[in-house]
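Trainee: Quick one: this structure, given as structure tokens, is what I'll be asking you about.
The values are calculated or read from the model by the stated rules, or taken from the named source; none is laboratory data. Note that the structure is a prediction, hence the values are computed from the model and not measured. Here the Cβ positions follow ideal geometry from the backbone for every residue, glycine too, while neighbour counts run over all protein chains shown.
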Amino acid sequence: MDLNLRKAIKNNIAGNNDEELQATIVDAIQSGEEKMLPGLGVLFEMIWEGASEDDKDSMLNLLEQEANKL
């Protein structure tokens, strides 16, 4: 069976409003389940691909700050 995870995740959130998207993200993070990580990765990929260079720089700066807290 050919399962396209990216396509399934994108279809699952298609048409969601910002509250629904936030709930999806918060639920995935709060669950702490490893199986949720690919979905979050697809969401991040979508954000990254649609981001401007300034937005990408901001995300990288925030990620660097959070990584340095570890």
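Trainee: Being more than 19 Å from Asn4 (Cα to Cα) and either in contact with a Lys or Arg (Cβ under 7 Å, 6 or more places away or on another chain) or among the polar types (S, T, N, Q) (or both) is the filter here, so list the residues in segment 27-47 that pass it.
Mentor: Passing the criteria: Gln30, Ser31.
Trainee: Continuing with the same structure: Take the residues in segment 1-13 that are part of a helix (DSSP H, G or I) and not basic (Lys, Arg); name whichever of them is modelled with the lowest pLDDT. Before the answer, list the steps.
Mentor: Of the residues in segment 1-13, the ones part of a helix (DSSP H, G or I) are 5-13.
Those left that are additionally not basic (Lys, Arg): 5, 8-9, 11-13.
Details: Leu5: 91, Ala8: 94, Ile9: 94, Asn11: 96, Asn12: 95, Ile13: 97.
My answer is Leu5.
Trainee: Among the numbered criteria (1) modelled with pLDDT under 95; (2) surrounded by 11 or more Cβ atoms within 10 Å (Cβ to Cβ), which single criterion is violated by Ser58?
Mentor: With (1) modelled with pLDDT under 95; (2) surrounded by 11 or more Cβ atoms within 10 Å (Cβ to Cβ) applied to Ser58, the lone miss is (1).
Trainee: Could you tell me whether Asn68 is modelled with pLDDT of 95 or more, loosely packed, with under 10 Cβ neighbours inside 10 Å, on the phi < 0 side of the Ramachandran plot and not basic (Lys, Arg)?
Mentor: So Asn68 passes the test.
Trainee: Now, a different point. Can you name the condition, by its number, that Asn16 falls short on among (1) part of a helix (DSSP H, G or I); (2) polar (S, T, N, Q); (3) surrounded by 10 or more Cβ atoms within 10 Å (Cβ to Cβ)?
Mentor: (1)
Trainee: Kindly provide the set of residues from segment 19-55 that are part of a loop (DSSP other than H, G, I, E, B), of a type outside the set (Asp, Glu) and loosely packed, with under 13 Cβ neighbours inside 10 Å, ordered by number.
Mentor: Narrowing segment 19-55 to residues part of a loop (DSSP other than H, G, I, E, B): 32-33, 51-52.
Now restrict to residues that are of a type outside the set (Asp, Glu): 32, 51-52.
Answer for segment 19-55, where residues must be part of a loop (DSSP other than H, G, I, E, B), of a type outside the set (Asp, Glu) and loosely packed, with under 13 Cβ neighbours inside 10 Å: Gly32, Ser52.
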